[in-house]
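Asks: Got a structure for you, written out below as structure tokens; questions coming shortly.
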Amino acid sequence: MTDAFPCLVAVWVFLAGCHGLATSRNLIHAVGCLAVCQAATYVLLLAVGYRDGATAPVFSDVTPGSRPVVDPVVQALALTDVVVGATVTALLLALVVQISKRHGTVDPDALSELRG
């Protein structure tokens, strides 16, 4: 159960973000819900890379293989995920600002000019 708990938390956070996205009547709220969905990937990556009793992968003071260490690739992926998530959120918020300036609303239902 303890191994599955972080994965269940990640699924719950993702579903909470998806629910907010599906019920959102505001573009800014929708961007925030997408950021919550992105946060679920942080939890999932931390769950994958966690090892009980492990330390940071710095081998300056000990020989390799003498103690358990966490996976540094997962840490790099989590950091990359944070950077990409911040960039996507900033881009989407900039688009929402432009939509608000041009159409005077952030309600997706009121944007009839954008329908195909």
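The values are calculated or read from the model by the stated rules, or taken from the named source; none is laboratory data. It should be emphasised that the depicted structure is a prediction, and the values quoted were computed from it without experimental measurement. Glycine also receives a Cβ, built like all others from the backbone with ideal geometry; neighbour counts cover every protein chain displayed. Remember, those area values only see protein heavy atoms, side chains included, never the ligands or the DNA or RNA. Shrake-Rupley method; radii C 1.70, N 1.55, O 1.52, S 1.80 Å.
Asks: Beta carbons within 10 angstrom, averaged per residue: use that to sort the peptides 38-46, 11-19, highest first.
Replies: Most protected by this proxy first, the peptides run 38-46, 11-19.
Asks: Leaving ligands, DNA and RNA out of it, report the carbon-plus-sulfur percent of the accessible area of the chain at a 1.4 Å probe.
Replies: 69
Asks: Quick one: what are the phi-derived ³J(HN,Hα) couplings along region 28-42, Karplus 6.51/-1.76/1.60 with θ = phi - 60°, whole Hz, x for glycine and proline?
Replies: 5, 5, 5, 5, x, 5, 5, 5, 5, 4, 5, 5, 5, 6, 5
Asks: Explain nothing, just the number: relative contact order of the chain, from Cα pairs under 8 Å at least 6 residues apart, as a whole percent.
Replies: Relative contact order comes out at 27 percent.
Asks: Here's another thing I want to ask about it. Counting only heavy atoms of the protein chains, get the accessible area per residue of the chain (1.4 Å probe) and round it to a whole Å² value.
Replies: Ligands and nucleic acids excluded, the figure is 69 Å² per residue.
Asks: Over the chain, with a Gaussian network built from C-alpha contacts below 10 Å, which listed residue (SER100, SER60, SER24) shows the highest mean-square fluctuation?
Replies: Between SER100, SER60, SER24, it is SER60 that shows the largest mean-square fluctuation.
Asks: I've got another one for you. What list of ³J(HN,Hα) values in whole Hz, one per residue of region 10-26 in order, does the Karplus curve 6.51 cos²θ - 1.76 cosθ + 1.60 (θ = phi - 60°) give from phi, with Gly and Pro shown as x?
Replies: 4, 5, 5, 5, 5, 5, 5, x, 5, 5, x, 5, 6, 9, 6, 10, 8
Asks: Then there is this: Candidates (i) 46; (ii) 51; (iii) 60; which is the computed percent of Cα pairs over 19 Å apart?
Replies: (iii)
Asks: Sticking with this structure for a sec: For VAL69, enumerate residues with amide H under 5 Å from its amide H, sequence gap 5+ or separate chain, H modeled in the peptide plane.
Replies: THR55
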